[in-house]
Amino acid sequence: MLCEKCHENQATFIISVSVDSSIKEIRVCEECATCDTGNGFPNTKRASRTLDRKCPECHSGYSRSALLGCPVCYTEFRKELISDLRRIHGSTIHKGKIPNRKSKKGSRISKKASSLASTDLSSRLLAKAKWMRGDGPDCDVVISTRVRLARNISGHAFCSSAEKSELHQIAAAVENAMAKISEYKNSRLSKVSIIRLEDLGPIDREFLIERHLISRDLAEKNGTGKVIVDEEEVVSMMINEEDHIRLQVIDSGLRLRQSWERINSVDDELGQEIDYVFSPDWGYLTACPTNVGTGLRVSMMLHIPALAATKEGKRILSSISDMGYAVRGIYGEGSQATGAFYQISNEATLGWSEEEILDRIRWVARQIVDHERKARRLLMENNRIGAEDRIFRSYGTLMNARLISSKEALKLLSWVSLGSSVGILPEASGTDITRLLVLTRPAHLQKCKGGKLDSMDRDIRRATAIREILESNR
């Protein structure tokens with residue numbers, strides 16, 4: 001991924017930053033990490049230097065702020081890692097699941113695996129991914145739930161230090177495993193598409209980011225990155241991002257239990273065919289120590305307009321951050337919250353079992369849902385006219401505007417969605433609002449047009465798309 005400070009160089013360091021009496025970790029490039037002054041980070045200490053000794057396997061050095069080069073680094077730099085893992089996670093002991101080691105090595109890619117490959121994204125353009133349907137539990141506040149697992153394949157360097165030929169071997173191993181899994185009875189991966197990012201242009205890559213199927217980090221890589229997606233876009237898998245495999249399940253509403261059961265099933269199937277890198281002490285080993293252990297990240301995409309507009313809401317979000325949860329914008333790491341859309345996810349992955357992580361974030365979710373609904377009731381009781389005015393003005397703008405920027409659309413859709421949820425705008429269904437959050441993004445507009453659009457043309461097409469979808473509900 002790119003440096004979160006300069007947004008130009010590749011991020012290779014993680015530095016601890018003191019912000020509002022709390023410590024946050026930011027990924028930056030070497031230049032920004034080692035700059036003593038003028039780096040834009042308050043109270044930032046100089047990043048730690050790399051140790052003189054090298055890993056005997058990948059020849060990488062160790063720095064508290066850099067990605068590890070291979071699984072052997074965990075053994076070579078064990079002493080340093082113990083201190084850092086305790087600082088990051090508050091623990092050095094893995095408490096989660098262990099892999100089921102029944103893999104068969106040395107298999108070649110079957111014809112069936114090759115036949116799964118697909119680069120035609122047109123069929124996904126107007127389709128509603130399952131998480132866009134707006135029909136999940138508590139979907140008036142929790143737009144979607146995402147569960148992600150980070151995994152690496154035994155016998156290979158991590159992606160940051162692997163040669164291109166080795167990355168191709170990793171991708172081939174995953175495709176081979178997918179071919180076998182697709183033949184399992186009742187497998188959740190029986191019908192998938194394998195999309196080669198090297199075959200896609202910038203618009204198509206951005207299109208996949210907007211649908212939350214790949215990260216920007218993977219989109220910016222060339223040659224070896226792939227994404228595997230099922231028909232409903234519930235299950236997806238990034239290959240050769242920061243880790244060899246990033247499994248993901250995303251669904252509508254607050255579906256933590258269902259999402260975990262699904263991804264756990266997929267993980268078990270994949271583990272039957274692939275030998276994961278695993279340590280009895282530290283769990284699933286990952287390129288970045290912040291993901292080691294369970295490798296589990298659970299995030300919720302939230303819409304909290306009433307709460308975010310109050311001092312109490314800002315205090316709650318700040319306290320959630322202080323409790324060890326990441327609070328980010330709608331597109332996760334590096335994005336800013338717009339239109340009261342937020343993502344909240346766990347940060348600790350070691351020292352907690354998967355069940356404990358799920359229980360903790362479920363508790364956070366329930367607190368946010370209850371506080372947001374209370375804030376909405378108070379808003380309607382104490383300032384109904386003001387709220388109705390903002391809602392109807394937003395709806396009127398969306399129904400009549402001929403030019404709308406992406407940022408303005410998010411803000412207006414936020415108020416219209418609120419109006420729908422409190423019964424003021426029953427004609428604006430939550431399902432279409434969620435869908436519009438995706439369909440009005442720049443790459444989707446350009447895919448619909450069939451070519452590149454400048455900013456003015458995108459604003460015109462965005463306004464048209466919003467009018468057409470809202471009018472279809474009247």
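If neighbour count is taken as other Cβ atoms inside 10 Å, put 146, 53, 462 in order from fewest to most.
On the way: 146 20, 53 10, 462 25.
Fewest-to-most ranking of 146, 53, 462: 53, 146, 462.
Please work out the Cα center distance from region 153-211 to region 223-268, rounded to the nearest Å.
What the calculation gives is 11 Å, centre to centre.
For a quick check: sort 244, 212, 156 by the number of other beta carbons within 10 angstrom, fewest at the front. Kindly include the intermediate steps, with their values, before the conclusion.
Details: 244 28, 212 23, 156 17.
In increasing order of surrounding Cβ atoms, one gets 156, 212, 244.
Whole-Å semi-axes of region 266-419's equivalent ellipsoid, largest first, each the root of 5 times a Cα gyration tensor eigenvalue? Intermediate results must be reported in sequence, preceding the final value.
Working: eigenvalues 288, 69, 30 Å².
Over the Cα atoms of region 266-419, the semi-axes work out to 38, 19, 12 Å.
Explain nothing, just the number: dipole magnitude of region 220-297 about its Cα centre with +1 on each Lys and Arg Cβ and -1 on each Asp and Glu Cβ, in debye rounded to the nearest 20.
Working: 7 positive and 16 negative charges, 55 e Å.
Around 260 debye, computed over region 220-297.
Rounded to whole Hz and in sequence order, give me ³J(HN,Hα) for region 141-146 from the Karplus expression 6.51 cos²θ - 1.76 cosθ + 1.60, θ = phi - 60°, writing x for Gly and Pro.
10, 9, 5, 7, 10, 10
Suppose every K and R has +1 on its Cβ and every D and E has -1 on its Cβ; what is the size of the dipole of region 111-378 about the Cα centre, in Debye to the nearest 20?
Details: 36 positive and 40 negative charges, 191 e Å.
Dipole size: approximately 920 debye.
Assuming R0 = 25 Å, what is the FRET efficiency of residue 91 and residue 53, from their Cβ-Cβ distance, to the nearest 0.05? Intermediate values should be presented prior to the final figure.
Working: r = 26 Å, r/R0 = 1.04.
Computed FRET efficiency for residue 91 and residue 53: 0.45.
Using the structure shown, select from 54/164; 311/407; 164/226; 411/447; 130/226; 374/407 the pairs with a Cα to Cα distance greater than 18 angstrom.
Details: 54/164 22 Å; 311/407 23 Å; 164/226 13 Å; 411/447 23 Å; 130/226 21 Å; 374/407 27 Å.
Those over the limit are 54/164; 311/407; 411/447; 130/226; 374/407.
Laboratory data are not the source of any read-out in this text; all were calculated from the coordinates shown. The model shown is predicted, which means the values in this text are computed figures rather than measured ones. FYI the Cβ positions are ideal-geometry reconstructions off the backbone, even for glycines, and counts take in every protein chain you see.
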